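*Asks:* Have a look at the structure that comes next, please.
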Amino acid sequence: MATSINKQWWKESVIYQIYPRSFNDSNGDGVGDLPGIIEKLDYLQHLGIDVIWLCPFYSSPNDDNGYDISNYYGVLDEFGTIEDVEKLLEEAKKRNIKIIIDLVVNHSSDEHQWFVESRKSKDNPYRDYYIWHPPVDGKAPNNWVSFFSGSAWQLDEATGEYYLHLFTKKQPDLNWENDNLRKEIYDMMHFWLQKGVAGFRMDVIPLISKKPNLPSFPAGFDGNFPEFYASGPRVHEFLKEMNREVLSKYDIMTVGEGIGVKPEEVNAYVGQSSNELNMVFHFGHMFLDRQTDDMLEWKQWSLVEFKEVFEKWEKALGNEGWGSLFLGNHDFPRIVSRFGDDETYRVESAKLIGTLLFTLKGTPYIYQGDEIGMTNVAYENMDDYNDVQTLNAFKEFLANGGSAEAFLPKAHLSSRDNARTPVQWDNSSQAGFTTGTPWLKVNPNHKEINVAEAVEDENSIFNYYRKLIQLRKRHEVLVYGETEIIDKPNTKIYAYTRTLEDKQVLVVLNFNVENTEFQLPQNLAAKVEADKVMLSNYPVVPHTGKDKLSLKPYEGRVYLLF
Ligand code: GLC
Ligand code: CA
């Protein structure tokens, strides 16, 4: 056993994701910025994180808030300067915090110089940096759809050809078949690594290799287009090349956004012997509460399916790969609103979800604000929404005869803006995020939910997260131990052990709003004592009988069994 564990710093790290636009505004223009992040490094150090994942800060017309990059070497004016990036790296380093950055290279902005050139003429040297196709029967070359509504093709007047965009039409897909393009990307990666970044989060990386001849969705297509677009025939060749040319030369970490990746193929991306990436994010648990035919509609999710997802991925990774753990990010609703109860049991359920995040096997990622239990927002007017995905879906909805009134509940539930409201630093009028007018309205609940309050309150979600992080650092079993689910069919309780050699931890999580009893299996019952609780989101009370635990609404406990 012991010999099969391959220890790495990035397996032991806790990562904190920053969406700069919404994090902290230092100059009152309403937009978060790099100096604003520097101001909060002490706070992050106090929380106990090891690595920051910084979402895009590059030059961008912001059609998709920075995921449409017009210059990979430039910094968005609103965010600061290259000197600010250097200062951020330096200040973070002083606090033992590493920084990984977003690598967005499936597409660029249409305002990138490459595309400006590419669209000029069919024989322009940059033409082949993008994916162009003449019309077929006067129409788009195939029936592919964009992730952000409508066709994935845009006709460009200058040359009468279509270009491919799997995201907005201002995000043309790059053509990875072109050797020069790949070389330019690798050079750019070296540039940032030499500045001292500790690795990359790679945006929609499985999409970089397209299916040869770009075939239409087949007849009877099941509608799972992420899977259809992902993992094209050359993706592993490209990633191996990237690893050889760039990644392998530094002591860094990489995590790919594993869109469309199936468990059975994950180790092709992250297996130690694959020499590609270190981790991917999988989305198995991100759609359990969504209707397949309408991603903006909620459906009752099942805890059993939820457990099965994590189990399946941990098994698929085995000892060869390594997982990443996240429950939300800048693209999904707030985790407490989604998997917990953001009203009566907000504090309890946010702690419960945090317990899951830090005690499963894999590297945990905290999304900004989740450490204080920030919730979804419900703007009353569609004009208050900003996210291009939400707005495009709204346009389509209106075109099909829908109304704003009917769309608002969908936005409340699913909009990416739920996660993008400014971080709530204090209870002042703009939540301490800005002295000006924020680019996206602050959540009115900042009066009660904010960092200033959370840091002071020893029973806050924030201080519970700190304990979870410390616990994980103190006990290797929480990092490297194998997981075994107990009583999988239980629809209310998610319980599991983590085991590493002679060390064992038991985690019992009541995902139910009622008091719930949990029957312990014989072998564990003997070992479980109230005084073995390492952490709980309720005051610890001695349990009733040896083989039964009584759990309060959303109660979670971590027991040390050795
Ligand atoms: C990823 C990002 C998302 C972005 C998309 C296109 O999914 O997380 O925010 O819109 O890629 O770059
Ligand atoms: Ca600013």
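The values are calculated or read from the model by the stated rules, or taken from the named source; none is laboratory data. Keep in mind that this is a model prediction, so the values were computed, not measured. Glycine also receives a Cβ, built like all others from the backbone with ideal geometry; neighbour counts cover every protein chain displayed.
*Asks:* Being in a strand (DSSP E or B), of a type outside the set (V, I, T) and crowded, with 18+ Cβ neighbours inside 10 Å is the filter here, so list the residues in the range 267-294 that pass it.
*Replies:* Hits for the range 267-294 are M279, F281.
*Asks:* Something else about it: Going through the range 128-139 one residue at a time, which ones are crowded, with 19+ Cβ neighbours inside 10 Å and either outside any loop (DSSP other than H, G, I, E, B) or at positive phi (or both)?
*Replies:* Y129, Y130, W132
*Asks:* The conditions are (1) surrounded by fewer than 22 Cβ atoms within 10 Å (Cβ to Cβ); (2) in contact (Cβ under 8 Å) with a residue 24 or more places away in the chain; (3) near ligand 2 (Cβ under 9 Å from one of its atoms); (4) over 24 Å from Q389 (Cβ atoms), and N27 fails exactly one of them. Which is it?
*Replies:* (2)
*Asks:* Could we say that E297 is in the same structural domain as P226 (by TED's automatic domain parsing), surrounded by 18 or more Cβ atoms within 10 Å (Cβ to Cβ) and either of a type in the set (D, E) or at positive phi (or both) here?
*Replies:* Judged against the criteria, E297 is not a match.
*Asks:* Could I ask something else about it? Checking R557 against (1) farther than 24 Å from F339 by Cα; (2) within 26 Å of the chain's Cα centre (by Cα), which test does it fail?
*Replies:* Of everything listed in (1) farther than 24 Å from F339 by Cα; (2) within 26 Å of the chain's Cα centre (by Cα), R557 misses just condition (1).
*Asks:* Considering the range 66-116 alone, what residues qualify as being in contact with a Cys (Cβ under 9 Å, 6 or more places away or on another chain) and assigned to a strand (DSSP E or B)?
*Replies:* I101, D102
*Asks:* What number goes with the only condition from (1) away from ligand 2 (no atom under 11 Å from the Cβ); (2) without any contact (Cβ under 8 Å) to a residue 60 or more places away in the chain that K11 does not pass?
*Replies:* (2)
*Asks:* Another question about this same structure. Would you tally the residues in the range 190-227 being surrounded by fewer than 14 Cβ atoms within 10 Å (Cβ to Cβ), hydrophobic (A, V, I, L, M, F, W, C) and within 27 Å of Q291 (Cβ to Cβ)?
*Replies:* So the answer is 2.
*Asks:* Starting from the range 400-419, keep only residues that are modelled with pLDDT of 95 or more, then list their pairs with residues that are assigned to a helix (DSSP H, G or I) and hydroxyl-bearing (S, T, Y) whose Cβ atoms are within a distance under 6 Å, requiring at least 6 positions of separation or different chains.
*Replies:* Pairs found: A411/T390; S415/T390.
*Asks:* How many residues are β-branched (V, I, T), buried (at least 20 other Cβ atoms within 10 Å of the Cβ) and more than 16 Å from ligand 1 (Cβ to nearest atom) if we restrict to the range 62-88?
*Replies:* Count: 1.
*Asks:* Tell me the residue from A158, A140, A152 that is of a type in the set (A, V, I, L, M), touching a Lys or Arg at 6+ places or on another chain (Cβ under 7 Å) and modelled with pLDDT of 95 or more, please.
*Replies:* Among A158, A140, A152, only A158 is of a type in the set (A, V, I, L, M), touching a Lys or Arg at 6+ places or on another chain (Cβ under 7 Å) and modelled with pLDDT of 95 or more.
*Asks:* Further question on the same structure: Run down N392, N381, N400, N386 and say which single residue is touching a Ser or Thr at 6+ places or on another chain (Cβ under 7 Å) and surrounded by fewer than 22 Cβ atoms within 10 Å (Cβ to Cβ).
*Replies:* N392
*Asks:* Then there is this: Could you list all residues from the range 317-334 that are crowded, with 19+ Cβ neighbours inside 10 Å and more than 16 Å from ligand 1 (Cβ to nearest atom)?
*Replies:* L317, G321, W322, G323, L325
*Asks:* Here's something else I'd like to know. In the range 335-349, how many residues are in a loop (DSSP other than H, G, I, E, B), surrounded by fewer than 23 Cβ atoms within 10 Å (Cβ to Cβ) and in contact with a Phe, Trp or Tyr (Cβ under 9 Å, 6 or more places away or on another chain)?
*Replies:* Final tally of qualifying residues: 2.
*Asks:* On the basis of being in a loop (DSSP other than H, G, I, E, B) and in contact with a Phe, Trp or Tyr (Cβ under 9 Å, 6 or more places away or on another chain), does D331 make the cut?
*Replies:* Criteria not met by D331.
*Asks:* Which residues, counting only those in the range 105-128, are under 28 Å from the mean Cα position of the chain (by Cα) and among the hydroxyl-bearing types (S, T, Y)?
*Replies:* S108, S109
*Asks:* Would you check if I37 is crowded, with 22+ Cβ neighbours inside 10 Å and either more than 16 Å from ligand 1 (Cβ to nearest atom) or assigned by TED's automatic domain parsing to the domain that holds V235 (or both)?
*Replies:* yes
*Asks:* While we're looking at this one, here's another question. What are the residues in the range 388-406 that are within 25 Å of the chain's Cα centre (by Cα) and of a type outside the set (G, A, S), if any?
*Replies:* Within the range 388-406, V388, Q389, T390, L391, N392, F394 qualify.
*Asks:* Here is a follow-up. Please go through the range 501-534 and give me each residue that is touching an Asp or Glu at 6+ places or on another chain (Cβ under 6 Å) and surrounded by 18 or more Cβ atoms within 10 Å (Cβ to Cβ), ordered by number.
*Replies:* N510, L520
*Asks:* Now for a different question. Looking at the range 114-129, is at least one residue closer than 13 Å to L181 by Cα and within 16 Å of ligand 1 (Cβ to nearest atom)?
*Replies:* Looking for residues that are closer than 13 Å to L181 by Cα and within 16 Å of ligand 1 (Cβ to nearest atom), one finds at least one in the range 114-129, hence yes.
*Asks:* Let me ask another. Could you count how many residues in the range 308-342 are over 25 Å from A268 (Cβ atoms) and not aliphatic (A, V, I, L, M)?
*Replies:* Total satisfying the criteria: 11.
*Asks:* Taking into account only those residues within the range 40-61 that are under 25 Å from Q470 (Cβ atoms) and not in a helix (DSSP H, G or I), which is farthest from ligand 1 (Cβ to nearest atom)?
*Replies:* G48
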